[in-house]
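Some notes on the structure that comes next.
Derivation of every value follows stated rules applied to the coordinates shown; laboratory data play no part. Since the model is a prediction, treat every value here as computed from it, not as a measurement. For neighbour counting, all protein chains shown are included, and Cβ atoms are generated from backbone atoms with ideal geometry for every residue, glycine included.
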Amino acid sequence: MRFGWMTYLKSHWQLLALTAVIFALWQTPVVVPLKILVVFLHELSHALAAWLTGGSVIQISLSPQQGGFAITRGGNLFAIFSAGYLGSLALGAALLFAALRSEADRAVTALLGAVMLLVTVLYVRDLFAAGFCILAGLALLAMARFLGHRANDMALRVIGLSSLIYVPYDIFDDTIVRSAQRSDAYMLAQEFGGTAMLWGAIWLLVSIVVIVWCLRSILGQSSNIFLPSRT
């Protein structure tokens, strides 16, 4: 058993160290842009659910306080309300998968940047959200264009891990600790019954299952980035 744990640590020490750094900096201003980017993934997930169920999107917004909203019309409300947390979790897992199990890191980084710019043009109406999405989108496109595979791989790891970390924390804080506030779970309970705490608990359980699946399926035998040796 000890050998197994030592082998695991040796094979994934970089990802574990990156996770520890993100946790250590979580309550500092350093990771605020990263948190807002995860909020963007949350609101984008609402929009994707609306589109996929026959609805449309009116507006997407972000705030400096790491909040946001997506105004949609039509579509399946159950899917739309549920998609914020679970969709951003799935997007985070997809970004982590792209980093760890594919060579398409630069293409995925460029795609994310292009999506942010397109969403800004079509659906963002307020100054802060527009400024953040434009700067982040251009930064991602520049990274994809001018930096190499390893830099883009690391960027996707950071974004994907941040989403996986943030989603269960946010679910617990928004729907269980502060279950009376107007959250996605609160609105879902109003429309379909139950309580915000019940839906939050279900989403939290799903998020834990997804994270465990990621640890078992996405990491593979080794997740370390192999640096070129000096000769």
Got a sec? How would S56, S163 order by Cβ neighbour count within 10 Å, fewest to most?
-> S56, S163
Treating the beta-carbon of each Lys and Arg as +1 and of each Asp and Glu as -1, no other charges, what is the dipole magnitude of the chain about its Cα centre, to the nearest 20 debye?
-> 620
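Test of understanding: ordering T120, T195 by Cβ neighbours within 10 Å, fewest first, what list do you get?
In increasing order of surrounding Cβ atoms, one gets T195, T120.
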Summing +1 per Lys or Arg and -1 per Asp or Glu among the other residues with Cβ less than 13 Å from Y123's Cβ gives 0
Would you calculate, for the chain, the mean residue ellipticity at 222 nm contributed by helices, counting each DSSP H stretch of 4 or more residues as -39,500 (n - 2.57) and dividing by all residues, to the nearest 500?
-> -24000 deg cm²/dmol
In whole Å, how far is the Cα centre of region 25-44 from that of region 150-219?
-> 14
